[in-house]
Protein chains: 2
Amino acid sequence: MNIGILTIGNELTSGMTQDTNSSFIARELHAQGWGVSAVITVGDDRDAIGGGLDYLLGISDALVVTGGLGPTADDITTAAVASVFGLDLYTDGAVLKQLKERFDRLNIPWTENNAKQAMFPEGAGIIDNPVGIACGFSLERGSKPVAVMPGVPVEAGKMFSDGVIPLFRDKISYREHIAKRTIKTFGRTESRIDQALSHENLEIPGVSIGFYPRFPEIHLVVTSRGEDRNNVEANLRVTCERIEGKLHRYIFGYDDDTMEGVVAAFLTDRELTLSIAESCTGGLITDRLTDVPGSSVFLERGVVTYSNTSKVELLGVPSSIIEKHGAVSEEVAILMAEGVKRLAGTDIGLSTTGIAGPAGGTGGKPVGTVFVALSTGEGTTCRRFLFRWDRRRIKEISSQIALNMLRKFLIGVVD
Amino acid sequence: MNIGILTIGNELTSGMTQDTNSSFIARELHAQGWGVSAVITVGDDRDAIGGGLDYLLGISDALVVTGGLGPTADDITTAAVASVFGLDLYTDGAVLKQLKERFDRLNIPWTENNAKQAMFPEGAGIIDNPVGIACGFSLERGSKPVAVMPGVPVEAGKMFSDGVIPLFRDKISYREHIAKRTIKTFGRTESRIDQALSHENLEIPGVSIGFYPRFPEIHLVVTSRGEDRNNVEANLRVTCERIEGKLHRYIFGYDDDTMEGVVAAFLTDRELTLSIAESCTGGLITDRLTDVPGSSVFLERGVVTYSNTSKVELLGVPSSIIEKHGAVSEEVAILMAEGVKRLAGTDIGLSTTGIAGPAGGTGGKPVGTVFVALSTGEGTTCRRFLFRWDRRRIKEISSQIALNMLRKFLIGVVD
């Protein structure tokens, strides 16, 4: 089964927005054992949409369409699809009612142009949107299913997985078994992981391994396919074990795990409390940890001590030490971690100080110099790094390293 | 002039690699005043490549092709293009010599499969690759130029700008002028903005307006096109002025502006200092402001006071007030903003406290209840909100509201 993907929007053809829906959908289709005939991206234009639909229908067994379902005049996908397929539009009363209820619930005033989002081509099935406003719809065109969803990635992602995949599955008589596992690593480049795995026998029939860099992480997606469910699962298990044997030091999680979620779970399980003193990461470590529901159980406080005064007042770092070694130094990083731990009365203190740039570097401490310190009941450790990224990426990788240091301490890994 | 983009690679149609070339090329074409007819992505497959070429040639004045020029067996783009256009392949001696020299210089052993990268369709012009190995080539198909480049983004980017743009320029006598402005709004939904603009005359020839929701913001992109540069710019200006007339309260910036960047610029200009006390936003406000280079000039400190103790110790909020009104209350929000401002000795204090969920709500204060307070030399104001989003979106919209309150204070808007 080969599926065509049509993504629609002037923001895509102008390059203003990176189309991430098509690669997400392609990955999901791939995981189902289906192929992609082609991806076409066109603007919000009746003829371009029509041409793309016709071309893809000619080379595909099914179509996925995203984008152009919003309330404004430039969103014309529903009307274009109806017109290409020679169908009239109708207003779905149940969807209209649901739309108005959603607006009420979200406290958004209803305006009449939104009624457009309750209009569908005759004979369409509705695809619910559990995370947004606009519903999608599905049609059949000469026994080929066509599913149409909004372009907002979080909505399209959820609707595709929950609504479209089951719909497409129903259309296929032959059902392949598929098992998939994402192995999430941090601390090794893609090419070094590739090299580490090159001596391992990973050529198992029906199993493929994909590399997905997600800065600063590298994810490995292992997909196992075949007719026999037990074989499929055994092959997946064996492959993952072989990968784990080579990469265990760099694996922090699987599937939906996040670095902050893993750290939060360990802290919660062990009933340990944490406080954080950030300088160059600017609150990002605390922001990430507080994305985890229930983080108030272990997180006592975070402080972003951007000024020297705040390092003295909130962390008890002596100003003489700052003057002598500089705010970006091993000495200050250690005193920040120890100070926040002591003053917050927590089990663990975590700190960062560095130069995220673009200005502020010196010969001895160039832009990208970062110190990360971890203070626990067993003492305080500090590591120094030099990154060549831009400001945001320096913040991201520094926050990741800090969380990973904490994770390794919690699982008893020393390195 | 409408240009078609064909990107080729199994890594793209499997979703393993995000195709960034097409959006880069689209942006560059757009900047030249040219449009994109469609983007097609296909795998390394002769028929899929042929189909994509044919379709795009039918709807475009020129084609850009990337991917599949490497030395390995799965790279078949050159052969596929030659076959589709009925051309033989030849080995270019000069390119072969240059290739061998490049391998020498990079200390990579030469293997015979690399000779494939010196093969081109008869009549092709060579497009030099100053940053990689594989050269590209150009052909004409019924007076339409077709440029083919490798898929490595850094190589395709350089070759496109240096080699392809000048090539395409030579082919075109008529050059359209294009002017564009992005208007960034916060505080009104897409449909209410649409409605607000519906009574305004925005039907100006050659001008289009696109809506781009970027939670929690809505961006309006105004594009003006035409033959006369002065007209194009005047039409853009008039349209923007009409939009501004209706939406000025909700416009916080233009083009590359960010909310945090705008706030940071105002604070820096007026030499005002800021401290931040965050509870439900968990460090996100501070994280956003510290993404702006130079933020250390105005940002004295941020504190994430997740525990009641930290609100007492770091902000001087009396525990009796927390006990009486609850940590999520107008009283506490106000004392947090005033406390951080006083203790940090800054001109301005900003605070948030709320229930980001999914747990922790009560009847009187359900999940999504958020208080944002701003304390300045003119006093302290606090606003209460109720959001129905998930945890992350509650953090995002709360941080945006806090920054927007600060922005409005800085420009003297009261609401």
> Residues with beta-carbon under 10 Å from that of A:ASP44, excluding A:ASP44: net charge, scoring Lys, Arg +1 and Asp, Glu -1?
Replying inline: -3
> Is segment A:138-182 best put as rounded, prolate or oblate by its Cα gyration tensor, with a ≥ b ≥ c the root eigenvalues, rounded for a/c under 1.5, and otherwise prolate when a/b is larger than b/c, oblate when not?
Replying inline: oblate
> Could you give the length gained on full extension between A:ILE209 and A:THR380, defined as 0.36 nm per residue of separation minus the Cα-Cα distance, in nm?
Replying inline: 57.7 nm
> Normalised by the residues of chain A, what does the relative contact order come to in percent, with Cα pairs under 8 Å and at least six apart?
Replying inline: 10 percent
> Roughly how big is the B-A contact, given as buried accessible area in Å² (both sides, 1.4 Å probe, nearest 100)?
Replying inline: 5500 Å²
> Hey, what angle do you get for helix B:229-247 against the long axis of chain B, alpha-carbon based, 0 to 90 degrees rounded to 10?
Replying inline: 30 degrees
> Suppose every K and R has +1 on its Cβ and every D and E has -1 on its Cβ; what is the size of the dipole of segment A:2-170 about the Cα centre, in Debye to the nearest 20?
Replying inline: 320 debye
> Label 7 Å along Cα→Cβ of B:ARG270; segment B:316-355 residues with amide nitrogen under 14 Å?
Replying inline: B:347-350
>> I want to make sure I understand the PRE zone here: with the label point 7 angstrom from the Cα of B:VAL413 toward its beta carbon, which residues in segment B:179-195 have backbone N atoms less than 14 Å away?
In response: B:183-189
>> Report for the protein assembly as shown the percent antiparallel among DSSP-assigned beta bridges with both residues inside it, nearest 5.
In response: 65 percent
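Starting from the Cα-Cα distance between A:SER198 and A:GLU140, subtract it from 0.36 nm times their residue separation and give me the gain in nm to one decimal.
16.3 nm is the gain from fully extending A:SER198 to A:GLU140.
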> In nm, one decimal, shortest first: how far is the label point of A:PRO109 (7 Å from Cα along Cα to beta carbon) from the matching points in the other copies?
Replying inline: 7.4
> Taking springs between alpha-carbon atoms closer than 10 angstrom, which of A:THR286, A:THR17, A:THR66 fluctuates most in the Gaussian network model of chain A?
Replying inline: A:THR17
> Dipole size in debye (nearest 20) for chain A around its Cα centre, Lys and Arg Cβ +1, Asp and Glu Cβ -1?
Replying inline: 1180 debye
>> Along the charge dipole of chain A, pointing to its positive end and built from +1/-1 on Cβ of Lys, Arg, Asp and Glu, which listed residue (A:PRO150, A:LEU314, A:THR77) has its Cα farthest out?
In response: A:LEU314
>> Test of understanding: extend the Cα→C-beta vector of A:GLU330 to 7 Å, then name every residue of segment A:375-414 with backbone N under 12 Å from that spot.
In response: A:381-385
>> Springs between alpha-carbon pairs under 10 angstrom, Gaussian network model over chain A: which of A:ILE321, A:ILE178, A:ILE243 fluctuates most?
In response: A:ILE321
>> Please report the net charge: other residues with Cβ closer than 13 Å to the Cβ of A:ARG270, K and R +1, D and E -1.
In response: -2
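Let's test the formula: R0 of 51 Å, r as the Cβ-Cβ distance of A:ASP170 and B:LEU89. What FRET efficiency results, to the nearest 0.05? Don't jump to the answer; show the numbers that get you there.
Details: r = 46 Å, r/R0 = 0.90.
Result of the calculation: an efficiency of 0.65.
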> Stretched out fully, how many nm does the piece from B:HIS177 to B:ASN107 gain, at 0.36 nm a residue minus the Cα gap?
Replying inline: 20.5 nm
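Just to confirm, what accessible area per residue do you get for segment A:177-254 at 1.4 Å probe, in whole Å²?
It amounts to 53 Å² per residue over segment A:177-254.
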>> I'd like to check one number: the per residue accessible area of segment B:259-411, probe 1.4 Å, reported in Å² as a whole number.
In response: 35 Å²
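Run the count for segment B:97-195, please: Lys pairs, Cα-Cα under 23 angstrom, 8 or more apart or on different chains.
Step by step, the pairs that qualify in segment B:97-195 add up to 8.
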> Other chains near B:276-282: what is the mean number of their Cβ atoms within 10 Å of each residue's Cβ?
Replying inline: 4
> When DSSP assigns beta bridges and you keep just the ones with both residues in chain B, what percent turn out antiparallel, to the nearest 5?
Replying inline: 65 percent
> Relative to the first principal axis of the alpha-carbon coordinates of chain A, what is the inclination of helix A:46-59, with its axis defined by its Cα atoms, in degrees from 0 to 90 and to the nearest 10?
Replying inline: 90 degrees
> So, with +1 on the Cβ of K and R and -1 on the Cβ of D and E, and no other charges, what is the size of the charge dipole of the protein assembly as shown about its Cα centre, to the nearest 20 debye?
Replying inline: 1660 debye
> Once every DSSP H run of n ≥ 4 in the protein assembly as shown is given -39500 (n - 2.57) and the sum is divided by its residues, what mean residue ellipticity at 222 nm do you get, rounded to the nearest 500 deg cm²/dmol?
Replying inline: -11500 deg cm²/dmol
> Counting only other chains, what is the mean number of Cβ atoms within 10 angstrom of the Cβ of each residue in peptide A:38-51?
Replying inline: 5
>> Just checking the output field for B:7-16: average partner chain Cβ neighbours within 10 Å of each residue's Cβ?
In response: 6
> Is segment B:2-171 best put as rounded, prolate or oblate by its Cα gyration tensor, with a ≥ b ≥ c the root eigenvalues, rounded for a/c under 1.5, and otherwise prolate when a/b is larger than b/c, oblate when not?
Replying inline: rounded
> Say we join alpha carbon atoms closer than 10 Å with springs in a Gaussian network model of chain B; which of B:ALA31, B:ALA115, B:ALA134 then has the biggest fluctuation?
Replying inline: B:ALA115
> Of all DSSP beta bridges located in segment A:2-170, what percent are antiparallel, nearest 5?
Replying inline: 40 percent
>> With θ taken as phi - 60° and the coefficients 6.51, -1.76 and 1.60, list the Karplus ³J(HN,Hα) couplings across segment A:121-133 in order, rounded to whole Hz; mark glycine and proline as x.
In response: x, 3, x, 6, x, 8, 9, 5, 10, x, 10, x, 9
> Considering only the label points, 7 Å along Cα→Cβ from Cα, what distances in nm to one decimal separate A:ARG270 from the same position in each other copy, shortest first?
Replying inline: 4.7
> If you put a point 7 Å past Cα along the Cβ direction, how far is that point for B:GLY93 from the same point in each other copy, in nm, smallest first?
Replying inline: 8.2
>> Output the 0 to 90 degree angle, nearest 10, between the alpha-carbon long axis of helix A:391-410 and the longest principal axis computed from the alpha carbons of chain A.
In response: 70 degrees
>> Could you give each residue of segment B:69-79 its phi-based ³J(HN,Hα) in whole Hz, using Karplus coefficients 6.51, -1.76, 1.60 with θ = phi - 60°, and x for Gly or Pro?
In response: 9, x, x, 7, 4, 7, 8, 10, 4, 4, 5
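The values are calculated or read from the model by the stated rules, or taken from the named source; none is laboratory data. Small disclaimer: the values here were computed from a predicted structure and weren't measured. For neighbour counting, all protein chains shown are included, and Cβ atoms are generated from backbone atoms with ideal geometry for every residue, glycine included. Each accessible area value is taken on the protein alone, full model and side chains, heavy atoms only, with ligands, DNA and RNA left out. Shrake-Rupley method; radii C 1.70, N 1.55, O 1.52, S 1.80 Å.
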